[in-house]
Amino acid sequence: MFGSLFKRSKDWLPSEILGLTIGRGITFDPIALRLLPDETLMEKPDTTLMIAAQGHCDLGEQSHMHRFYPDDDRFLIQFQGGDGNADDRVDEIMLWYFYDVQYPSGEAEWSKCKNNIRQKNYSLSRGGENISFERAWFDTSTSPEDPMTYWEEICDDRSGGGRRRIFQTAMLFARQLKDGRDEMLLINMEEPENAERSVAFMIGFPLEQHNFSV
């Protein structure tokens, strides 16, 4: 899963994964949301989110990533696994919260961000406090490492309407919370076709299938 292993799919249309797709709602178990640690940087979503758009990326080796974008644009639900169409095999489910989105003003700022996410550690600032994360990808290396790159194709309806593609450069970091669980930080440098570049800082926690219903 390193480098540019993510492939573009020319004929992909949004599919149902565990019953979830555009136009349907995902309802979270309120008890599972209450169990999020107090020190998490993630905001808790409403118990139900309606899916307004859906993204897909072919990971290669018969594995796929499906992203579901709710009408509440602070959150993202991500499923990984399966064959991209009819196979409901899901290896990983993540709930992501957009902690921050930045818009670099030029090439110098863009290059600085790309260099920063190559490092072993990354710090987020909150209320004057620096919160440190360690690199989760390439975690056995102490040297700077190149981030992963991939294309994501996104649609706004089941027929493929509103289709657009975003080239992304990403690195995953993590920190251990007091209860022993890991809080994930995904830094995604996004380059949409014919749109402004941005850098998304997403806080994530894994979900189990029993944590939600569709």
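The values are calculated or read from the model by the stated rules, or taken from the named source; none is laboratory data. Everything quoted here is computed from the prediction, not taken from an experiment. All Cβ positions, glycine included, derive from the backbone under ideal geometry; neighbour counts span all protein chains shown.
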Does LEU41 satisfy the condition of being of a type in the set (A, V, I, L, M, F, W, C), part of a loop (DSSP other than H, G, I, E, B) and at pLDDT below 90?
no
Restricting the stretch 110-137 to residues that are of a type in the set (D, E, K, R) and modelled with pLDDT of 95 or more, the one nearest to MET189 (Cα to Cα) turns out to be LYS114
Given the residues GLY127, GLY160, which is the only one that is within 24 Å of LEU59 (Cβ to Cβ) and among the small types (Gly, Ala, Ser)?
GLY160
So which of SER125, SER132, SER105 is touching a Lys or Arg at 6+ places or on another chain (Cβ under 7 Å), over 18 Å from GLY25 (Cβ atoms) and either hydroxyl-bearing (Ser, Thr, Tyr) or buried (at least 19 other Cβ atoms within 10 Å of the Cβ) (or both)?
SER132
Output the number of the condition that ASP157 fails; it satisfies all remaining conditions of (1) part of a strand (DSSP E or B); (2) of a type in the set (Asp, Glu); (3) under 28 Å from GLN54 (Cβ atoms).
(1)
Give the stretch 34-64 a look and list any residue that's of a type in the set (A, V, I, L, M) and touching a residue at least 40 places away in the same chain (Cβ under 8 Å), or say none.
LEU36, LEU41, MET42, ALA52, ALA53, LEU59
Can we say GLU196 is in contact with a Phe, Trp or Tyr (Cβ under 7 Å, 6 or more places away or on another chain), surrounded by fewer than 16 Cβ atoms within 10 Å (Cβ to Cβ), part of a strand (DSSP E or B) and at pLDDT 90 or above?
no
Looking at (1) touching a residue at least 40 places away in the same chain (Cβ under 8 Å); (2) surrounded by 14 or more Cβ atoms within 10 Å (Cβ to Cβ); (3) more than 19 Å from the chain's Cα centre (by Cα), can you tell me which one SER159 breaks?
(2)
So, of the residues in the stretch 163-193 that are among the basic types (Lys, Arg) and over 18 Å from MET94 (Cβ atoms), which turns out to be surrounded by the fewest Cβ atoms within 10 Å (Cβ to Cβ)?
LYS178
Could you grab me the full set of residues in the stretch 199-213 that are of a type outside the set (S, T, N, Q) and assigned to a strand (DSSP E or B)?
VAL199, ALA200, PHE201, MET202, ILE203, GLY204, PHE205, PRO206, PHE212
Those residues that are small (Gly, Ala, Ser), in a strand (DSSP E or B) and free of Cβ contacts under 8 Å to residues at least 12 places away in the same chain, I need them from the stretch 119-142; list them, please.
SER123, SER125
Considering the stretch 171-181 alone, what residues qualify as being in a strand (DSSP E or B) and either farther than 20 Å from PHE205 by Cα or without any contact (Cβ under 8 Å) to a residue 24 or more places away in the chain (or both)?
GLN176
Of the listed residues (MET65, MET94), the one being modelled with pLDDT under 90 and either under 22 Å from HIS210 (Cβ atoms) or surrounded by 19 or more Cβ atoms within 10 Å (Cβ to Cβ) (or both) is MET65
All but one of (1) over 22 Å from GLY23 (Cα atoms); (2) surrounded by 15 or more Cβ atoms within 10 Å (Cβ to Cβ) hold for THR142; state the number of the condition that does not hold.
(2)
